[in-house]
1. Using the structure shown, decide if E30 is buried (at least 18 other Cβ atoms within 10 Å of the Cβ), assigned by TED's automatic domain parsing to the domain that holds A137 and in contact (Cβ under 8 Å) with a residue 60 or more places away in the chain.
2. I'm trying to understand the selection: among the residues of the range 150-191, which are near the ligand (Cβ under 9 Å from one of its atoms), in a helix (DSSP H, G or I) and in contact (Cβ under 8 Å) with a residue 60 or more places away in the chain?
3. Of all residues in the range 96-131, which are assigned to a strand (DSSP E or B) and farther than 19 Å from A162 by Cβ?
4. Does R362 meet the test of being basic (K, R) and assigned to a helix (DSSP H, G or I)?
5. Going residue by residue through the range 335-343, is there one that turns out to be farther than 22 Å from N274 by Cβ, assigned by TED's automatic domain parsing to the domain that holds E301, assigned to a loop (DSSP other than H, G, I, E, B) and not hydrophobic (A, V, I, L, M, F, W, C)?
6. Look through the range 463-472, keep the residues that are in contact with a helix residue (DSSP H, G or I) (Cβ under 8 Å, 6 or more places away or on another chain) and of a type in the set (A, V, I, L, M, F, W, C), and return whichever of them is surrounded by the fewest Cβ atoms within 10 Å (Cβ to Cβ).
7. Within the range 301-311, is even one residue crowded, with 20+ Cβ neighbours inside 10 Å and within 16 Å of the ligand (Cβ to nearest atom)?
8. Residues that are assigned to a loop (DSSP other than H, G, I, E, B), away from the ligand (no atom under 16 Å from the Cβ) and under 28 Å from G223 (Cβ atoms): does the range 397-418 have at least one?
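The values are calculated or read from the model by the stated rules, or taken from the named source; none is laboratory data. Quantities reported herein were computed from a predicted structural model and do not represent experimental measurements. FYI the Cβ positions are ideal-geometry reconstructions off the backbone, even for glycines, and counts take in every protein chain you see.
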Amino acid sequence: MQQHTDQYIDGAWRPSLAEARIEVLNPATEELVATVPAGGAADVDAAVAAARAAARSWGRTTREERLVPLGRLCDGLAARRQEIAETVVAELGSPIRFATAVQATLPLTVARSYLDILAKYEFEEQVANSTVYAEPAGVVAAVTPWNYPLHQIVAKVVPALAAGCTVVLKPAEYTPLVARLFAELVHDAGFPPGVFNLVTGVGTEAGAALVEHPDVDLVSFTGSTAVGRAIGAAAGRGVKRVALELGGKSANVVLPGADLARAVKANVANVLANSGQTCTAWTRLLVHRDQYEEAVAIAAEAAATYLPGDPALAATRLGPVASASQRERVRAYITGAVAQGARLVAGGAQAPEGLDRGYYVRATVLADVTAEMTVAQEEVFGPVLSILAYRDEEHALEIANGTDYGLAGGVWAADNETAAAFARRMDTGQVDINGGRFNPAAPFGGYKSSGVGRELGRHGLAEFLQTKSLQF
Ligand code: NAD
């Protein structure tokens, strides 16, 4: 068991000024993996002061000067990929194959994409008699969740550093270890002291102190919509820029003429990946009523092949959820859905057989779900798929757009044109057409209560810049 007592501030690991500790539990075994400091306002003050002190000189570096440590950071992410994957297995419970292929590899892909974007980005533009400069936004507070813990860190910190900002990161309570590993990589990459700082702590203390801090210029938050609203309000009071990447309740719409089996199986895989703890998960499968029972049977059969098990084993496709409270929450959604009239066709709320320890939930498929049911409106964040029937295309669109969220989605049709025409009418930030692959360079972010701002690619860099015009 590792007992960490330090925070990464001003280029060095320094003893935390807080006494309190966060216990990191392995969700598969419920064993204590490590403790880290539950930092408070004093740690945050020190970290923000370091970031502020470094902001002017880092903000004036050339892109070439920033590309050197950023390149070394990418090399570090590549070199320690296996260790990253194992850390995410231990603190989050992602199955090792998924952890290696996604949790450890996506951050590397995203970080490398910024080497290219930074090398080519136009920081200067001529508008008639004005020269318009894109300048760094200043000191960035990055607050991240636990479900893709390193990806969400990299998707904020790397473009912020590339833009010339300095950063204080407050990672999620459940996954501080991969955040510490990232801080080691930043250190080894040779960024100047204060450019990147890490404070581990709980959201209501370290997180709140950070987003309220008067010396922070921009808050970039990924997490739940409830906390996002509070952070947006705090940023508003402080007149700080804010980017919010929040929850989702994404619809996958299968139009008549699509390859039904392919679309349904892809949906099951999508919703069960990472135990359903994916903000973009297609948690609502929408099928025409004439094909409904066929789709339900395919989904139930596919879900039954996902047996929960030890995430450290290569054969495991479904690990535990992140915490005991998350498990109870997911189970309550399943029970509640059945009470509201949903038909359980795979899985269920009871603990999986033979797994009396660990935060496991069965791969669950709910049929006969209607648009107004709680399970069709709220984010479950567990391995639960709801299948809804629609009468015609207009009805499908009404259901798809009928939640507060708008983060992602899928559309399947006989051809891409038909699917794309439907997708253009969806109130959502990203739609995969006929199984189109995730693109880590495409702008990512939400419509409606799913957020404000865009991450990834050029748009993700622009979030950390502000503009100045000089008139001649
Ligand atoms: P959460 O909102 O509880 O916590 C996210 C982060 O905010 C954590 O670091 C937490 O410590 C911190 N925090 C909590 N309260 C705070 C406060 N009052 N002030 C400042 N910081 C505070 O979310 P979570 O449970 O960690 O993550 C799951 C949620 O994240 C889901 O809703 C999911 O959809 C969302 N998510 C969104 C995206 C996206 O890009 N849109 C990506 C992944 C996850």
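1. On the way: buried (at least 18 other Cβ atoms within 10 Å of the Cβ): no; assigned by TED's automatic domain parsing to the domain that holds A137: yes; in contact (Cβ under 8 Å) with a residue 60 or more places away in the chain: yes.
For E30, the condition - buried (at least 18 other Cβ atoms within 10 Å of the Cβ), assigned by TED's automatic domain parsing to the domain that holds A137 and in contact (Cβ under 8 Å) with a residue 60 or more places away in the chain - is not met.
2. Initially, the range 150-191 is screened for residues near the ligand (Cβ under 9 Å from one of its atoms), giving 151-152, 155, 170-175.
With the extra rule that they be in a helix (DSSP H, G or I), the set shrinks to 151-152, 155.
Selection gives Q152, A155.
3. Restricting attention to the range 96-131, the residues satisfying the condition of being assigned to a strand (DSSP E or B) are 124-127, 130-131.
Scanning the range 96-131 gives Q126, V127, S130, T131.
4. Working: basic (K, R): yes; assigned to a helix (DSSP H, G or I): no.
Considered against the rule, which asks whether it is basic (K, R) and assigned to a helix (DSSP H, G or I), R362 comes out as no.
5. Going residue by residue through the range 335-343, those that are farther than 22 Å from N274 by Cβ are 335-336, 338-343.
Of the ones still in play, those that are also assigned by TED's automatic domain parsing to the domain that holds E301 are 335-336, 338-343.
Still in the running and assigned to a loop (DSSP other than H, G, I, E, B): 340-342.
So of that shortlist, the ones also not hydrophobic (A, V, I, L, M, F, W, C) come out as 340-341.
The answer is yes; a qualifying residue exists.
6. As a first pass, look at the range 463-472 and keep what is in contact with a helix residue (DSSP H, G or I) (Cβ under 8 Å, 6 or more places away or on another chain): 463-465.
Okay, now just the ones that are also of a type in the set (A, V, I, L, M, F, W, C), so 464-465.
Numbers: F464: 25, L465: 20.
By that ranking, first place goes to L465.
7. The initial filter retains those residues of the range 301-311 that are crowded, with 20+ Cβ neighbours inside 10 Å, namely 302-303, 306, 308-309, 311.
Pick out the ones that are also within 16 Å of the ligand (Cβ to nearest atom) and you get none.
Scanning the range 301-311, I find no residue that is crowded, with 20+ Cβ neighbours inside 10 Å and within 16 Å of the ligand (Cβ to nearest atom), so the answer is no.
8. yes
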